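A short write-up of the structure that comes next.
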Amino acid sequence: MKWLHLAPAHVGFAFGLLAVLQSFAAEPTVPPASDNEHFSRAQVTEIIADARKIVGSSGVEELVAIPIGGTQQWISVRGHDRGNPILLMIHGGPASPEIPTSWYFQRGWEDYFTVVQWDQRGSGKSYNANDPKTIQHTLSLERITRDAEELVQYLRAKYHKDKIFVLGHSWGSVVGLHLAHRHPEWLYAYVGMGQVISGKENERVSYRMTLQDAKAAHNAEGINELKSIAPYPNADGTVPLEKINLERKWSVNYGGLSWGRDSLNYYFNLMQLSPDYTEEDIAAVDKGSALSLGPLLGDMLNFDYRAIVDWHCPIVMFVGRHDSTTPSSVTAEWFTKIQAPSKKLVWFENSAHMMMVEEPGRMLVHLVEDVRPLAK
């Protein structure tokens with residue numbers, strides 16, 4: 001029997017950033033019978049799976065691998081009423097899948113949407129479904145966007161929907177915005193969360209914010225380390241991964257990833273309780289990040305939609321007031337310039353980059369009140 005062991009977990013988010021996570025463990029015991037004993041991982045995940053089970057005859061609960069772009073890629077499809085609109089969430093990273101944490105934050109969404117989570121090529125369950133050596137040379141923004149196009153077409157056909165919603169988070173917002181620009185006719189609306197508008201500008205502003213935080217805290221170590229990587233980005237616009245990792249070390253420390261916290265341990269430890277992931281799948285998250293960072297870093301840094309202001313589907317932006325991972329000021333400035341059939345920018349005042357777990361109630365309210373009515 002496998003006993004619950006909460007091990008170090010990978011942190012991946014916009015621009016392939018790594019952070020060191022601590023670990024803790026439960027001592028193996030017999031199955032629980034008192035407050036002094038512990039559950040096995042199998043027991044915990046079984047409880048969670050049973051509690052979130054879709055029981056109505058009109059609902060859908062699927063976890064399947066489907067053919068996309070010559071590979072097998074996994075999706076989760078969950079909702080209490082097939083008549084509801086589809087909401088496809090495109091995860092961040094690169095290669096930071098949100099299937100294994102969605103059990104925690106998406107339960108309320110499933111009353112109003114049929115929610116689709118997707119492990120992109122080289123990520124999570126999709127990493128384990130293919131030979132990584134054949135995947136690595138295919139990793140690019142263009143290829144993953146074409147994968148997203150194939151997935152949207154699959155969902156439209158299988159669930160008999162003319163249009164769907166797309167929610168792009170962090171790296172997924174690069175893919176999602178690209179998709180919305182190409183195929184607005186497929187979307188009720190595009191929703192950006194932790195939106196990337198310009199890779200290089202995001203890095204410039206993130207660095208400035210983080211250095212200001214270190215100075216405000218009179219943190220000599222932080223100030224010296226951040227100054228050691230100036231100029232940031234480099235004069236030629238590049239940002240080596242080593243510099244990004246050091247900048248994010250301090251950005252995360254000051255709550256720029258999750259407000260009020262100096263790490264994302266609490267979020268990534270949720271993976272350990274996922275009823276949708278095996279231990280092998282959890283281990284694949286770190287492997288997928290290592291596979292993806294190199295090939296995708298250039299695409300992320302060179303992404304720049306600041307000059308693209310004409311949009312042909314509604315645009316909604318969820319922005320965290322304290323986000324220095326993908327600074328919200330860059331998105332807010334761009335948002336004032338765009339033209340779209342409708343547009344709305346929503347500030348999450350107590351969030352940084354992870355508002356679906358930082359302010360889950362407000363996230364649900366805005367999905368229901370500001371997004372779902374656009375399904376017409």
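Conditions (1) crowded, with 24+ Cβ neighbours inside 10 Å; (2) among the aliphatic types (A, V, I, L, M); (3) at pLDDT below 95; (4) in contact with a Ser or Thr (Cβ under 6 Å, 6 or more places away or on another chain), marked per residue:
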{"position": "ALA307", "(1), (2), (3), (4)": "no, yes, no, no"}
{"position": "HIS312", "(1), (2), (3), (4)": "no, no, no, no"}
{"position": "THR325", "(1), (2), (3), (4)": "yes, no, no, no"}
{"position": "PRO341", "(1), (2), (3), (4)": "no, no, no, no"}
{"position": "TRP347", "(1), (2), (3), (4)": "no, no, no, no"}
{"position": "MET356", "(1), (2), (3), (4)": "yes, yes, no, no"}
{"position": "PRO360", "(1), (2), (3), (4)": "no, no, no, no"}
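Considering the conditions (1) outside any helix (DSSP H, G or I); (2) over 19 Å from VAL357 (Cα atoms), GLN117 is excluded by exactly one of them, (2). For the subset of the stretch 152-177 comprising residues that are part of a helix (DSSP H, G or I) and surrounded by fewer than 23 Cβ atoms within 10 Å (Cβ to Cβ), which member is nearest to the chain's Cα centre (by Cα)? That would be VAL152.
All of LYS215, LYS200 fail the test of being surrounded by fewer than 22 Cβ atoms within 10 Å (Cβ to Cβ) and farther than 23 Å from PHE335 by Cβ, apart from LYS215. LEU246 - would you say it is out of contact with any strand residue (DSSP E or B) (no Cβ under 6 Å at 6 or more places or on another chain), in contact (Cβ under 8 Å) with a residue 12 or more places away in the chain and part of a helix (DSSP H, G or I)? So LEU246 passes the test.
Residue-by-condition table, conditions (1) aliphatic (A, V, I, L, M); (2) under 24 Å from the mean Cα position of the chain (by Cα); (3) at pLDDT below 55:
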| position | (1), (2), (3) |
| --- | --- |
| PHE15 | no, yes, yes |
| GLU37 | no, no, no |
| ILE48 | yes, yes, no |
| ILE54 | yes, yes, no |
| SER58 | no, no, no |
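Among the residues in the stretch 81-89, are any in the same structural domain as SER292 (by TED's automatic domain parsing), in contact with a His (Cβ under 6 Å, 6 or more places away or on another chain) and over 22 Å from ASP281 (Cα atoms)? Within the stretch 81-89, none of the residues are in the same structural domain as SER292 (by TED's automatic domain parsing), in contact with a His (Cβ under 6 Å, 6 or more places away or on another chain) and over 22 Å from ASP281 (Cα atoms). Is one or more of the residues making up the stretch 338-345 part of a helix (DSSP H, G or I), of a type in the set (Gly, Ala, Ser) and in contact (Cβ under 8 Å) with a residue 12 or more places away in the chain? No: zero hits.
Considering the stretch 295-314 alone, what residues qualify as being assigned to a helix (DSSP H, G or I) and without any contact (Cβ under 8 Å) to a residue 24 or more places away in the chain? Selection gives GLY298 alone.
The values are calculated or read from the model by the stated rules, or taken from the named source; none is laboratory data. Just so you know, these numbers come straight off a predicted model, no measurement behind them. We place every Cβ from the backbone using ideal geometry, glycine too, and count neighbours over all the protein chains shown.
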